[in-house]
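The following block contains the structure, expressed as structure tokens.
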Amino acid sequence: MDGKVAVVTGAASGIGHATADRFRAEGATVIGWDLEGSDAAVDVRDEAAIEAGFAAVVAAHGRLDAVVHAAGVAGGGPVHLVPGDEWSRVIDINLTGTFLVGKHAVTVMLRQDAVDGERGSIVNLASVEGLAGTEGGSSYNAAKGGVVILTKNMAIDYGRSGIRVNAICPGFIDTPMLRSVFTMDGMEPIKRDITAAHQLGRLGRAEEIAAVALFLCSSDASFVTGVALPVDGGYTAGHRHGVSELMGLA
Ligand SMILES: NC(=O)c1ccc[n+]([C@@H]2O[C@H](COP(=O)([O-])OP(=O)(O)OC[C@H]3O[C@@H](n4cnc5c(N)ncnc54)[C@H](O)[C@@H]3O)[C@@H](O)[C@H]2O)c1
């Protein structure tokens, strides 16, 4: 990543924070965006702020090589219990925010010269919950499913311009977002069940997602675009029903 310029959204916490740290350690110039506590205060619902934010990055650093879009919020509930404004909040931040960040990142990347055939790389944080339904997921799953398809569409639209667009679909990752859900009343047995649904038998770490974001933004991934890559400890691999125990496996 030496000499590359990257914007990481949601950089004040969790996956975004770990990604910004890892990119910096690999030699990138990283500009972190978040509501507060990062290099720049950019709300991913605010199109004017996003456009101005990217303009400031190009003015200061000359180009924009990579964007890892990790800003997001938890949310959901069975639909008959979800107020309309709560539905809109989750869709606005998680899906429309991805559109707005992607729109202005691509606009900047299209204007710059290609380096080694590449104008830029965008990685969106979707989720395993964008690949299949989850109990009570509703707005969150709908947003993340939208992020998966938007990512694929952008890969098609901009591939010939040398811009790669991919999504990471993390399993359940031990970050402040997940902790805020797991500490809600009655969640302890659900946490145990969710943890066990990962075939590796544990939750993921933010650094394990940052490592994949790094790969996707690096030239090692020069032929990778339009994928929604599960990084999920086997959560989407399938189901266990106790047969392994019957056969003497762990
Ligand atoms: N933690 C998980 O289990 C998990 C699993 C799958 C996908 N994800 C996704 O990964 C991404 C990062 O999640 P995390 O677990 O690190 O969460 P987190 O809550 O630790 O970090 C998210 C960051 O996004 C910021 N943010 C929220 N709304 C914003 C807005 N409107 N504008 C700018 N920044 C805003 C928050 O301030 C926060 O710093 C999210 O998109 C999340 O949906 C997380």
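Please treat every number below as a calculation from the coordinates, not as lab data. Note that the structure is a prediction, hence the values are computed from the model and not measured. No Cβ is skipped: glycine too gets one built from the backbone with ideal geometry, and neighbour counts run over all protein chains shown.
For T107 and R192, FRET efficiency with R0 = 41 Å and r from the beta-carbon atoms, rounded to 0.05?
Computed FRET efficiency for R192 and T107 comes out at 0.35.
Also, I was wondering about something else. With viscosity set to 1.306 mPa s and temperature to 10 °C, compute the Stokes-Einstein D of the stretch 59-201, Rh being the Kirkwood radius across alpha carbon pairs; µm²/s, no decimals.
96
Where in the chain lies the longest segment free of GluC sites (Glu not before Pro) that are both loop residues by DSSP (not H, G, I, E, B) and have at most 10 other Cβ atoms within 10 Å?
136-250
Could you put K191, K144, K103 in order, starting from the residue whose Cβ has the fewest other Cβ atoms within 10 Å?
K103, K191, K144
Right, another one. For the chain, take the longest principal axis of its alpha carbons; what is the angle in degrees between that and the long axis of helix 97-111, to the nearest 10 within 0 to 90?
Orientation of helix 97-111: about 30 degrees from the principal axis.
How high is the relative contact order of the chain, in percent, with contacts defined as C-alpha pairs under 8 Å that are six or more residues apart?
19
Quick one: putting +1 on the C-beta of Lys and Arg, -1 on the C-beta of Asp and Glu, what dipole do you get for the chain around its Cα centre, in Debye to the nearest 20?
440
Right, next: Which whole-number percent is the relative contact order of the stretch 110-250 (Cα, under 8 Å, 6+ apart)?
This gives 29 percent for the stretch 110-250.
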